[in-house]
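Visitor: Here it is, the structure in full.
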Ligand code: AMP
């Protein structure tokens, strides 16, 4: 300890000085990041300096007994459910679908799907969305977030259709953008199912279009001519159709971005900006993600009007009901050990690899060993991908071997075991991958193979994540030299990428991104 010369009694802690220095350095980095981020608003609005100051109007109101609830009671309820909120005039949490005033046909449909009570993100997120408010939803995978942005879109589309039915060429009223084809299809299926449930009760029929690569635009033209109420899209194809004037967003008043951090992170920033440019009036915008590093939040906020942020527990693996096991396995021993690992739980099991070639090799090896497996990666045709997913979802295949394409929000119910054949390069991908199991209150197992091939940076992030999730940290991770530990408080995270094993000043992802001007699109094709 040092003593300050001026004030004799004051003790100066070198750790505190170092911490203060790092804090200032970080603030500087974050300031420069914010300065370079172009707001996510249309060029027209930016050029005309249009700034919306009011949220969208909505005719939806909570029932009076909930409206009359005190702020203190709302606060307690959120606290009990571990719901964190920020924003002005936040709509109250509502713990039953009936009190959310959902039509009986929708309540019945949800019941048939085993959805009887809303999950925390739905309890707070649905009232926010039904009220017309912009929203940032931070919810771990499997929390039921999809319903929060699909259900209000369908209800708003129905309201619009009842007021003034859509005529040829009009629409969409609502748009949802997803980062992968699989996720888009899954979301589309959900939207169609809700619309059909409503129609079965006598409501007007709503038309939804799936807009993504792998589907012939020409085949969709008759549907487009009729006018579509809702579109679920991947960014590339959507922008293409907008540019070709096959669709327009003149009457679009609702935009949902699923896995928003990934959309932007994966290099779809320009496409999203292009889409924003096509809006001609104000819209309600909802951004959802399992992980939402601060950089993306700052960026996203520029596109939102008086947003409400709903965070159900801290985003990330700490919230999952997953037993995370990390094992050191030599590269050449991995494939044989995999077979042993498969015995840990009953199927279904998901195996993730970084490389397409590894997916193919493992798939062939498992077939030789008579394991019922299917494979999924970006080089497969759309038909092959759809078949693989269907067979796995229907329980006809026990194991799915996949690249990260399959980790982005895909919903495979009851996955028992996720095996990371390799540790992903970024901790966010690890969270997405293990989020395939332990969903909606069920416990799952995640096994991750690590070895010398991983960078120390990602292994340190993993170490802190395991600590935060109260999991066993293997000796091999504890042995990694960790200078940050001196000044790093447990549980803090990098302000740029959300990794827990480093601070923003040492963020390899930030360094990489600063070097790369070209977007990283390798993981996805439209
Ligand atoms: P998501 O996080 O939106 O991908 O949802 C994950 C899974 O949870 C899906 O299979 C949903 O059908 C299911 N689910 C959504 N909401 C609920 C709920 N309130 N109760 C039970 N399951 C739900």
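Just so it is clear, none of the values below were taken in a lab; they were calculated from the coordinates. Given the structure is predicted, the values throughout are model-derived calculations rather than measurements. With ideal geometry, Cβ positions are generated from the backbone for all residues, glycine too; neighbour counts draw on all protein chains shown.
Visitor: Test of understanding: what is the full-extension gain from residue 115 to residue 226, defined as 0.36 nm times their sequence separation minus their Cα-Cα distance?
Guide: 36.7 nm
Visitor: Something else about it: Sorted from largest down, what three extents in whole angstroms do the Cα atoms of region 327-393 have along their principal axes?
Guide: Principal extents (largest minus smallest coordinate, Cα): 35, 25, 21 Å.
Visitor: Now a separate question. At R0 = 22 Å, how high is the FRET efficiency between residue 193 and residue 219 if r is their beta carbon distance? Nearest 0.05 is fine.
Guide: 0.55
Visitor: OK, next. If you build the convex hull over the alpha carbons only and average its shadow over all orientations, what do you get for region 426-480? Give it in nm² to one decimal.
Guide: Approximately 4.0 nm², given one-decimal rounding.
Visitor: Roughly what % of DSSP beta bridges within region 43-312 run antiparallel, to the nearest 5? Please report the intermediate quantities before stating the final value.
Guide: Numbers: 4 of 29 bridges.
The answer is about 15 percent antiparallel.
Visitor: Given a Förster radius of 30 Å and the C-beta distance between residue 333 and residue 355 as r, what FRET efficiency does 1/(1 + (r/R0)^6) yield to the nearest 0.05?
Guide: Values: r = 18 Å, r/R0 = 0.59.
After rounding, the FRET efficiency stands at 0.95.
Visitor: As a footprinting exposure proxy, order 95, 443, 448, 208 by other Cβ within 10 Å, with the fewest listed first.
Guide: Lowest to highest Cβ neighbour count: 443, 95, 448, 208.
Visitor: Let me ask something additional. For the residues 464, 337, what sequence is obtained by ranking on other C-beta atoms within 10 Å, fewest first?
Guide: 337, 464
Visitor: Averaging the inverse of every distinct alpha carbon separation and then flipping it gives the Kirkwood radius. What is it for region 104-152, in angstrom units?
Guide: Details: mean 1/r = 0.0887 Å⁻¹.
Value: 11.3 Å, from the Cα pair sum.
Visitor: Can you compute the FRET efficiency between residue 244 and residue 54 using 1/(1 + (r/R0)^6), with r the Cβ-Cβ distance and R0 = 25 Å? Round to the nearest 0.05.
Guide: Numbers: r = 34 Å, r/R0 = 1.34.
Efficiency for this residue pair is about 0.15.
Visitor: Modelling each spin label as a point 7 Å along the Cα-to-Cβ direction, I'd like the residue 412/residue 425 distance in nm, to one decimal.
Guide: Inter-label distance under the simple model: 2.4 nm.
Visitor: Working from the pairwise distances between different alpha carbons, so that the mean of 1/r is found and then inverted, what is region 43-312's Kirkwood radius in Å?
Guide: Working: mean 1/r = 0.0531 Å⁻¹.
The answer is 18.8 Å.
Visitor: Under Stokes-Einstein, with the Kirkwood radius over Cα pairs standing in for Rh, what whole-number D in µm²/s applies to region 48-110 at 37 °C and 0.692 mPa s?
Guide: 231 µm²/s
Visitor: Treat the count of other C-beta atoms within 10 Å as a stand-in for reagent exposure and order 281, 403 from fewest to most.
Guide: Fewest-to-most Cβ neighbours within 10 Å comes out as 281, 403.
Visitor: Bin width 10 Å, origin at 0, all Cα-Cα pairs of region 322-451: what percent of pairs per bin?
Guide: 13, 51, 33, 3
Visitor: If you don't mind, there's one more thing I want to ask. State, to one decimal in nm, how far the label point of residue 443 lies from the label point of residue 73, with both points 7 Å from Cα in the Cβ direction.
Guide: 3.6 nm
Visitor: If you find the alpha carbon centre of region 212-244 and of region 52-85, how far apart are they in angstrom?
Guide: If we compute the Cα centre of each part, the gap is 36 Å.
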